[in-house]
Structure formats: structure tokens, C-alpha cells
Amino acid sequence: MLRLALRRQWVVALLVAIVGAVLCTFLGNWQWHKSQSSHGDIQNLVYSFNWWLFAALCLGVWAKALRDESRRMADPEAGLPGIAGLPKRREAVVAMETDDPEVDEWNAWLAELGTRDRRAGR
């Protein structure tokens with residue numbers, strides 16, 4: 001997973017997540033100090049915890065996305081994470097014949113894209 005995390009796209013995503021976490025932490029501290037002032041109230045106090053939670057979520061979402069991607073790369077046949085009622089794997093796209101030539105052309109193009117994706121291992 002470390003090798004994947006060192007790819008440029010994941011490093012950029014991590015930097016964005018860190019900037020977001022720092023910003024949310026700063027806003028949480030600001031709300032905390034605002035709640036402790038004479039003009040502050042319980043709403044500011046709750047908002048401070050809310051911002052700190054957002055800071056944790058910035059990094060948590062990055063870590064979960066990285067973990068999911070590394071699992072997908074380790075076992076490409078496992079497919080996408082299962083959602084109730086949906087298949088785990090993408091099914092092959094086939095061109096359907098209709099009475100509309102424009103729709104037929106569109107479906108053929110989509111089928112070709114699906115074939116390219118399967119060849120590329122996506």
C-alpha cells in the first residue's frame with residue numbers, strides 16, 4: 001500500500017486532505033475561543049467539535065480511499081464493493097439494437113468503450 005500511496009495522485013490527494021484538516025482544525029480552535037468569550041454560546045462550542053470532526057474526516061476519507069484502491073488492485077476480480085441489490089462486478093456492455101440508428105450508434109460506441117476497459121484491466 002505504501003507504493004500506491006507514493007504515486008503522484010495519492011500524494012496530491014494527501015496534501016489536499018492535510019490542508020483541509022489544518023483548515024478545519026483552525027476553524028475549530030476559532031469556534032472554541034469564540035465560545036469561551038463573552039459573546040460565545042453553546043452553539044459555538046458545538047461548532048468547534050464539529051470542525052474537529054471534519055478535520056478527522058478529511059484524513060479518514062483519504063485513508064479509506066487508499067485502502068479500497070489497494071484492495072481493488074490486489075484482487076481485480078473481486079470487483080467493486082458490494083451494495084445491496086447490485087452486482088459486485090461490472091457486467092459486459094453489449095450493443096442493443098433499436099429502431100433508432102443514432103441510438104444504435106451510441107450503444108455501439110459504449111460497447112466499444114467497455115471492451116477497451118476490459119482489455120486495459122479497468
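When the stretch 104-114 is filtered for residues that are closer than 26 Å to Ala74 by Cα and either surrounded by 13 or more Cβ atoms within 10 Å (Cβ to Cβ) or touching a Leu at 6+ places or on another chain (Cβ under 8 Å) (or both), only Gly114 remains. Consider the stretch 1-39 and keep the residues that are exposed (fewer than 11 other Cβ atoms within 10 Å of the Cβ) and among the basic types (Lys, Arg). The one that is farthest from Ala55 (Cα to Cα) is Arg3. For the stretch 31-41, does any single residue satisfy the condition of being at pLDDT below 85, part of a loop (DSSP other than H, G, I, E, B) and either under 30 Å from Met1 (Cβ atoms) or of a type in the set (Asp, Glu) (or both)? No; the residues of the stretch 31-41 include none that is at pLDDT below 85, part of a loop (DSSP other than H, G, I, E, B) and either under 30 Å from Met1 (Cβ atoms) or of a type in the set (Asp, Glu) (or both).
The values are calculated or read from the model by the stated rules, or taken from the named source; none is laboratory data. Predicted model only: the values in this text are computed from it and were never measured. No Cβ is skipped: glycine too gets one built from the backbone with ideal geometry, and neighbour counts run over all protein chains shown.
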